[in-house]
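Presented below is the structure to which this report refers.
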Amino acid sequence: MSYLEYNIKRTPTGLAKVLYVNWALVLLLSAVASIGFLQLYSVSGGNFERWTEPQMQRFGFALVVMFVVGFVPLWFWRSMAGLAYAVSVILLLGVEFFGSIGMGAQRWLVIGPLRLQPSEMTKITIILAMAAYYDWRDVSKVSHPLWVAVAGALILFPAFLVFKQPDLGTALIIVGGGAIVMFVAGVSLWYWGGMAVIGGGLVSLVFASRGTSWQLLRDYQFRRIDAFLDPSLDPLGSSYNINQAMIALGSGGWSGRGFMQGTQSRLNFLPEKHTDFIFNTLAEEMGFVGSTFLLVLYLGILAVCIVAAIQSKHRFAALLILGIAGNFFLYFGVNMAMVMGLGPVVGVPLPLVSWGGSSMLMIMIGFGLVQSACIHRPRERA
């Protein structure tokens, strides 16, 4: 029996789908978003209309989109994987040639009244495409050099286009998301060892290119790396952001200064307090306890996804769920690492907490795919 026939015959239909929604996931996502609403209200100085109200409206819309995506049968999303990947690559090429420039980067595509950031879409489509690819490919051949090379090309081409915008953080998440699907699909560990060696060589090459005619990173990106390696190097320049972030992080102590009592954010010492560095605002106001609570919620979302993947009856569903979970982990892991000084600042928002609509919408679409896998998991009918 084909994948399509198997799912049509054994998955719920109509209103019965509501019974199979993963409500634990909905609750955890809503809890994380609520923390974001509170922090945006705080950093705006109690101005509900400035950031909080629009963010709540965005989350409400994104939640509806998640349910819509979830109620669509999973076989449909599998059949659309190749098209979705192709559209995202075409849009990235459109950005390359016709993109709108903002804040020193060419990341947006303006189509009439719409202003799109295709790189956000690519984070999800690459996982969808890779899950479909490894579901199509025979398990015994996933480590064949030819098929590993094909998978690598599928990942690296859009990542390269995003890297050129330049958007190093998003490019790394695209590569990481695709690599996670490759790993859980069973690609041999020998390849990962080889990739580690190649990665080390690429890092060396990046540093060697500095100051040359073929420099691989922009000057500001090198300054961010310098600030990461030595925060005292330029305290009023490239190291300012991370130094202020560390002050906010440490001043919260065990229980924090209290809601809306963070001096770093209230006095505007903390940069990008409503976007990239919102976790430091939380740490200053709610301390170690509040920060840990948010981290527990994030880990709870990962746990729910892992359980759903284990319960899945089909390889595509399991790979898709684990890929979406891995992508989400990269989101909050990279953000927390950079704002705590454990990695260079790469401009990755804290998922569902930081101000922003594009990132939130794509994250919720990703979890809509997880819901589709949960709702349409084949079940025996009476």
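The values are calculated or read from the model by the stated rules, or taken from the named source; none is laboratory data. If you're wondering where the values come from, they're calculated on a predicted model, not measured in any experiment. Backbone-built Cβ (ideal geometry, glycine too); neighbour counts: all protein chains shown.
A few remarks follow.
- The set of residues from region 244-259 being in contact with a Gly (Cβ under 9 Å, 6 or more places away or on another chain) and in a helix (DSSP H, G or I) comprises Ala245, Met246, Ala248, Leu249, Ser251.
- Test: Met56 is at pLDDT 90 or above, within 30 Å of Ala16 (Cβ to Cβ) and among the hydrophobic types (A, V, I, L, M, F, W, C): no
- Qualifying residue in region 152-170 (condition: under 26 Å from Ser79 (Cα atoms), out of contact with any helix residue (DSSP H, G or I) (no Cβ under 8 Å at 6 or more places or on another chain) and of a type in the set (A, V, I, L, M)): yes
- Pick from region 156-179, criterion in contact (Cβ under 8 Å) with a residue 12 or more places away in the chain and more than 15 Å from the chain's Cα centre (by Cα), ranking: farthest from Met338 (Cα to Cα): Phe157
- Residue ID - farthest from Val162 (Cα to Cα), chosen from residues in region 114-140 that are in contact with a Phe, Trp or Tyr (Cβ under 8 Å, 6 or more places away or on another chain) and among the basic types (Lys, Arg): Arg137
- Meets criteria (buried (at least 17 other Cβ atoms within 10 Å of the Cβ), outside any loop (DSSP other than H, G, I, E, B) and at pLDDT 90 or above) for Gly169: no
- Among residues of region 342-382, those that are in a loop (DSSP other than H, G, I, E, B) and in contact (Cβ under 8 Å) with a residue 12 or more places away in the chain, counted: 21
- Residue satisfying all of: in region 206-237; touching a residue at least 40 places away in the same chain (Cβ under 8 Å) and not in a loop (DSSP other than H, G, I, E, B); nearest to Val162 (Cα to Cα) among these: Gln221
- Here Met286 passes the criteria (1) of a type in the set (A, V, I, L, M); (2) farther than 20 Å from Val162 by Cβ; (3) modelled with pLDDT under 90 except the one numbered (3).
- Members of region 66-77 found to be surrounded by 15 or more Cβ atoms within 10 Å (Cβ to Cβ) and either at pLDDT 95 or above or in a helix (DSSP H, G or I) (or both), listed by number: Met66, Phe67, Val69, Gly70, Phe71, Leu74, Trp75, Trp77
- Pairs are defined by a Cβ separation below 6 Å, a sequence spacing of at least 6 or placement on different chains, a first member in region 290-301 that is farther than 16 Å from Gly256 by Cα, and a second member that is of a type in the set (A, V, I, L, M); the pairs so defined are Leu297/Leu28; Leu297/Ala31; Leu297/Val32; Gly300/Leu28; Ile301/Leu28.
- Region 283-334 - residue that is of a type in the set (Val, Ile, Thr) and crowded, with 20+ Cβ neighbours inside 10 Å and, of those, nearest to Ala185 (Cα to Cα): Ile321
- Candidate set from region 105-150 (those that are surrounded by 22 or more Cβ atoms within 10 Å (Cβ to Cβ) and either acidic (Asp, Glu) or part of a loop (DSSP other than H, G, I, E, B) (or both)); member that is modelled with the highest pLDDT: Glu120
Residue by residue, here is whether (1) modelled with pLDDT under 90; (2) under 26 Å from Phe332 (Cα atoms) holds:
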| position | (1), (2) |
| --- | --- |
| Val181 | no, yes |
| Trp190 | yes, no |
| Met195 | yes, yes |
| Ser209 | yes, no |
| Gln215 | yes, no |
| Gln221 | yes, yes |
| Arg224 | yes, yes |
| Pro231 | yes, yes |
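- Of everything listed in (1) among the aliphatic types (A, V, I, L, M); (2) more than 20 Å from the chain's Cα centre (by Cα); (3) buried (at least 17 other Cβ atoms within 10 Å of the Cβ); (4) modelled with pLDDT of 90 or more, the single unmet condition for Met80 is (3).
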